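Some notes on the structure that comes next.
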Amino acid sequence: MGTYEKFLCKNMYRYNFITMGQIYKTVIDRERNFEYEGEDVEAIPHVTDEIIKRMKEAGEKEKADVVVVELGGTAGEYQNILYYEASRILSLDRKNCVVHVHVSYLPVPLHLGEPKTKPTQLSVRTLNSMGIQPDFIVARSEKPMDERRRKRFALFCNVDSEHVIDSIDLENPYETPLYLEKQKISEKILELLEVPARKLDMRPWEHMIAKSKAKKEHQITIAIVGKYFATGEYQLRDSYAALMDAIDHASWERGVGTTVRWVQAERLEKGNLTDLEGVDGIIVPIGWGPRGVEGKIAAITYARVNKIPYLGLCYGMQLAVVEYARHVLGLKGAHTLECDSDTAHPVIHMVSGQQELLKRRAYGGTMRLGRWECRVKRGSMADESYVGYHGYDDEKEKIVGERHRHRYEFNDSYAKQFEEAGMVLAGRSVVENLVEIIELPKSVHPFFMGTQYHPEYRSRPLRPHPIFLSYIAACTKAK
């Protein structure tokens, strides 16, 4: 969902995301409620009908001319068979106009030095065996496709050669729409859909790409202190994909070159803080559970004491509260109940109502999720950041709607102690009055802020999030 939100510069909702678990549960619940009137319930047509119904509903709710559906995974994976079957059935109905776009990998083996079309030929055969004939092939590759490969795709995959689209690795993934449009992909798809083509204005997108490539006057280094980077022997940027994108969006807008240094929180627990030396900013992002927590707290102390711009996101905000309680308020052993159920000072405790859910082991989808409104304190650093942001009225109430994903929160019984010790509780939720933003005054620290919500989820290439714009500016100024 996040990728599409960024490229379309709009928000996606629950109905835009369809999992097989949702489908099975709905069908089983209907069968139990006798809504099929005693009919034998089977994978086809009942499960496939529910998939098709949800595809159509997504379009109806958006009043869309075209619904784009991604059938994730690899052609032939047994987990996705029912999605493909639904797609086949959908295309049989003459009232629908369905176009299948097959995205496939075109490898260029180093020892051969030429692209090989056989993997795509085989995946198209697999689709054919499921009753689906692709109308387009989008070939993902390291190198541009030549005319010979295009003709082989057309011959062996039964696709018009004009509908074989090249999609190579680019310096910036956001260049992809521009690269695809040079091949008139949208015009060709709309022609098959019998939808009138519209004149595209790609100038804002081109301007954004130009800014991303422009020579940067300033260069900064930001440390992200996390624990989800490693996957086997490799380091994975996608573990914090939304955060990395938000940093990029704001950096391009500010004209700053930003290098990200990934720091494993567990390394810091051993007292080795050399990984933080020389950085211009520190971010502690989303996280769960006790692993690496003391390393994250050590990084927060390092940022606070050394006046390094700090941004805490969700868990990073909660641990900033823990750090401040221990080292400024003097509350020995202060902690979050998520990590220490016996702490004498639970400065972070469970959101009201979650306790009962956990007793019933109701973990799935029961956190405080989605968009919630926050009232921002006038004159705060957060307030200064949001001024001019769409939907933020600096004349009336200072309210922003941000996205959440958490089960624990600031313990309000400690609010007075924190405020007396200099921490600003700069934002509270409109509905439950939960603390959403904490910060230190600029007179004390150049930039020290934590948000219970996730501003990174609402950052867009053409509309960077104001919190990140302010943060990048503070890192540049501090350097």
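At a glance:
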read-out: Top-ranked residue in segment 402-436 [being free of Cβ contacts under 8 Å to residues at least 40 places away in the same chain and among the polar types (S, T, N, Q); ranked as farthest from Cys374 (Cα to Cα)]; value: Ser413
read-out: Qualifying residue in segment 337-357 (condition: under 28 Å from the mean Cα position of the chain (by Cα), closer than 21 Å to Phe447 by Cα, at pLDDT below 95 and of a type outside the set (Phe, Trp, Tyr)); value: no
read-out: Residue list for segment 298-332, filter: closer than 14 Å to His406 by Cβ and in a strand (DSSP E or B); value: Gly312, Leu313
read-out: Lys63 vs. criteria loosely packed, with under 11 Cβ neighbours inside 10 Å and among the basic types (Lys, Arg); value: yes
read-out: Single residue of segment 252-283 satisfying the filter (under 14 Å from Leu319 (Cβ atoms), of a type in the set (A, V, I, L, M, F, W, C) and out of contact with any Phe, Trp or Tyr (no Cβ under 7 Å at 6 or more places or on another chain)) that is surrounded by the most Cβ atoms within 10 Å (Cβ to Cβ); value: Ile283
read-out: Flag if Ile282 is part of a loop (DSSP other than H, G, I, E, B) and either within 28 Å of the chain's Cα centre (by Cα) or not assigned by TED's automatic domain parsing to the domain that holds Trp372 (or both); value: no
read-out: Asp275 being at pLDDT 95 or above and either charged (D, E, K, R) or over 30 Å from Ala325 (Cβ atoms) (or both); value: no
read-out: Residue selected from segment 11-34 under the condition of a type outside the set (Phe, Trp, Tyr), loosely packed, with under 11 Cβ neighbours inside 10 Å and over 21 Å from Gln79 (Cβ atoms), by the criterion nearest to the chain's Cα centre (by Cα); value: Asp29
read-out: Among (1) outside the structural domain of Val138 (by TED's automatic domain parsing); (2) closer than 23 Å to Cys9 by Cβ; (3) in a helix (DSSP H, G or I) - the single one Thr258 does not satisfy; value: (3)
read-out: All positions within segment 103-161 that are hydroxyl-bearing (Ser, Thr, Tyr), closer than 14 Å to Ala75 by Cα and within 34 Å of the chain's Cα centre (by Cα); value: Ser104, Tyr105, Thr120, Ser123, Thr126
read-out: Helices (runs of 4 or more DSSP H) (entirely within segment 136-221) containing at least 1 residues that are closer than 30 Å to Val279 by Cα and either in contact with a helix residue (DSSP H, G or I) (Cβ under 6 Å, 6 or more places away or on another chain) or modelled with pLDDT of 95 or more (or both); value: 203-213
read-out: Selection status of Asp166, within 19 Å of Leu193 (Cβ to Cβ) and either surrounded by 13 or more Cβ atoms within 10 Å (Cβ to Cβ) or assigned by TED's automatic domain parsing to the domain that holds Glu77 (or both); value: no
read-out: Segment 423-479, residues that are in a strand (DSSP E or B) and closer than 15 Å to Ala246 by Cα; value: Thr451, Arg460, Arg463
read-out: Tabulated pairs, segment 6-34, first more than 19 Å from Ile52 (Cβ to Cβ) and not assigned by TED's automatic domain parsing to the domain that holds Ala250, second outside any helix (DSSP H, G or I) and charged (D, E, K, R), C-beta under 9 angstrom, 6+ apart or interchain; value: Lys6/Arg460; Phe7/Arg460; Leu8/Arg460; Cys9/Arg460; Cys9/Arg463; Lys10/Arg460; Asn11/Arg371; Asn11/Arg403
read-out: Failed item, numbered, when His218 is tested on (1) at positive phi; (2) surrounded by 13 or more Cβ atoms within 10 Å (Cβ to Cβ); value: (1)
read-out: Residue identified as under 25 Å from the mean Cα position of the chain (by Cα), over 15 Å from Gln318 (Cβ atoms) and not basic (Lys, Arg) among Gly422, Gly450, Gly379, Gly401; value: Gly401
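The values are calculated or read from the model by the stated rules, or taken from the named source; none is laboratory data. Because the structure is a prediction, the values reported are computed rather than measured. So basically every Cβ, Gly included, is an ideal-geometry build from the backbone, and we count neighbours across all protein chains shown.
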